[in-house]
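Visitor: Here it is, the structure, as C-alpha cells.
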Amino acid sequence: MGTGDRDHGDAPGMGIFISTDNGLTWAPSNSGMGNTTVCRIIQHPTNSAIYLTATTNGIYRSTNGGNSWTRTFTADSKDICFHPANPNIVYIEANSNFYRSTDNGLTFSEITSGLTSGQRGAIAVTPANPNVVYFVQSDNSSGFKCVYRSADAG
C-alpha cells in the first residue's frame with residue numbers, strides 16, 4: 001500500500017507498507033526508498049516478485065516482492081503502467097512528460113514527438129489493442145489540456 005496525497009500534498013507520504021497476513025497488520029517496506037509519497041504501484045504481469053512504483057521522488061523497482069527498492073528514475077512521477085502484451089515496456093508520466101522503458105523499468109527515454117508540456121499527465125493502454133496508448137494532460141491552471149494517442153506502443 002502506498003501512502004501520501006499524490007496531487008495536493010495534504011498528507012505526507014510514508015512510503016510503502018506491506019502486509020503478510022491478509023491486511024491484519026502492516027509494516028513499512030521502504031528499504032532503498034525512504035519516506036515518500038507513493039502515487040501508484042504496479043506488479044509485473046508475469047513475475048509476481050517485481051514491482052514498480054511511481055513516487056514524488058521518482059520511479060522505484062523491487063525484484064523481491066517489495067522488501068527492498070532501487071530508484072531507476074529521479075523525476076517526480078504520478079503514473080506508471082506496463083504494456084499489456086510486452087511487460088518489458090513500461091510507460092511513466094514524470095513532470096507531465098511521457099517516458100517509455102523497453103527494459104522492464106531499468107531505464108527510461110522521454111518521448112517528445114508530437115507532445116507539448118503541461119501540468120499533469122496520466123497514461124492508459126487499450127487492453128483490446130495494447131499498442132494503443134493514451135496520454136492525457138492538464139494545462140498549467142489544472143484544467144483539461146489534451147489527449148494524445150499513439151498507435152505504435154508510444
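Visitor: By per-residue mean of other Cβ atoms within 10 Å, what is the highest-first order of 102-108, 36-42?
Guide: 36-42, 102-108
Visitor: Within region 70-96, list the residues whose amide N lies under 18 Å from a label point set 7 Å along Cα→Cβ of I18.
Guide: Residues passing the 18 Å test: 70-72.
Visitor: Now for a different question. With the crude spin-label approximation of a point 7 Å out along Cα→Cβ, what separation in nm comes out for W26 versus S138?
Guide: 2.4 nm
Visitor: Between A153 and T107, what length in nm is gained on full extension when 0.36 nm per residue of separation is reduced by their alpha carbon distance?
Guide: 14.9 nm
Visitor: Which FRET efficiency value, to the nearest 0.05, do you get for T70 and N95 by plugging their Cβ-Cβ distance into 1/(1 + (r/R0)^6) with R0 = 35 Å?
Guide: 0.95
Visitor: Rounded, prolate or oblate for region 17-150? Axes are the square roots of the Cα gyration tensor eigenvalues, ordered a ≥ b ≥ c, and the cut-off for rounded is a/c under 1.5.
Guide: prolate
Visitor: Using only alpha carbon pairs under 8 Å that are at least six residues apart, calculate the relative contact order of region 17-150 and give it in whole percent.
Guide: 14 percent
FYI, it's all coordinate maths here, none of it is from the lab. Since the model is a prediction, treat every value here as computed from it, not as a measurement. Note that each Cβ is placed from the backbone with ideal geometry, even for glycine, and that neighbours are counted across all protein chains shown.
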